[in-house]
Amino acid sequence: QLQLVESGGGLAQPGGSLTLSCAASGTDFSANAMGWYRQAPGKQRELVAIINEEGIATTVNSMKDRFTVSRGDAKNTVLLQMNRLRPEDTAVYSCLIIIRGVNHWGKGTLVTISS
């Protein structure tokens, strides 16, 4: 059974950095695309960044100067490097891995930006 394990969330100060990681296990297939969404308190879930199987990465405009999505060295692993963090980046970040056209979601990891 496919499982997604996220790590790297936690508390950071404004201006700081965090790197989130998500790894899928339990499948022999390679992901078609992988990415990250986030949901801030009281807001709808929004796309942060996505990377396809060719390695073409897209980050939403409002975050592209601070956040970078990449594929990890291990198969079906996706990273999100977040720099110059702001209090408004506080949210639950969830990874999405698409395998054979099926969406698989992580449980989410909480990122809190506060001094």
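Taking springs between alpha-carbon atoms closer than 10 angstrom, which of Lys75, Lys64, Lys43 fluctuates most in the Gaussian network model of the chain?
Lys43
How large is ³J(HN,Hα), in whole Hz, for each residue of the range 50-65 in order, when computed from phi with the Karplus curve 6.51 cos²θ - 1.76 cosθ + 1.60 and θ = phi - 60°, using x for Gly and Pro?
Karplus-based 3J(HN,Hα) across the range 50-65 equals 8, 9, 9, 5, 7, x, 7, 10, 9, 10, 4, 4, 5, 10, 5, 8 Hz.
List, in order, the whole-Hz ³J(HN,Hα) value for each residue of the range 76-90 obtained from phi through the Karplus relation with A = 6.51, B = -1.76, C = 1.60 and θ = phi - 60°; use x for Gly and Pro.
Per-residue couplings from phi come out as 6, 10, 10, 10, 9, 8, 10, 10, 6, 5, 10, x, 6, 7, 4 Hz.
So what's Rg/Rh here for the chain, counting alpha carbon atoms and using the Kirkwood radius for Rh?
Working: Rg = 13.4 Å, Rh = 14.0 Å.
Using Cα coordinates only, the ratio equals 0.96.
Under 10 Å, Cα contacts only: if you run a Gaussian network model on the chain, which one of Ser70, Ser30, Ser62 comes out with the highest mean-square fluctuation?
Ser62
Can you list the lysines whose alpha carbon sits under 27 Å from that of Lys43, skipping same-chain ones fewer than 8 residues off?
Lys64, Lys107
Per residue of the range 24-31, in order, report the coupling 6.51 cos²θ - 1.76 cosθ + 1.60 (Karplus, θ = phi - 60°) as ³J(HN,Hα) in whole Hz, putting x for Gly and Pro.
Per-residue couplings from phi come out as 9, 10, x, 9, 9, 8, 8, 5 Hz.
What does the accessible area per residue of the range 1-47 come to in Å², with a 1.4 Å probe and no ligands, DNA or RNA counted?
That works out to 59 Å² for each residue.
The values are calculated or read from the model by the stated rules, or taken from the named source; none is laboratory data. What you see is a predicted model; the values in this text were computed from it and never measured. Protein only, heavy atoms only, side chains kept; ligands, DNA and RNA dropped before computing areas. Shrake-Rupley method; radii C 1.70, N 1.55, O 1.52, S 1.80 Å.
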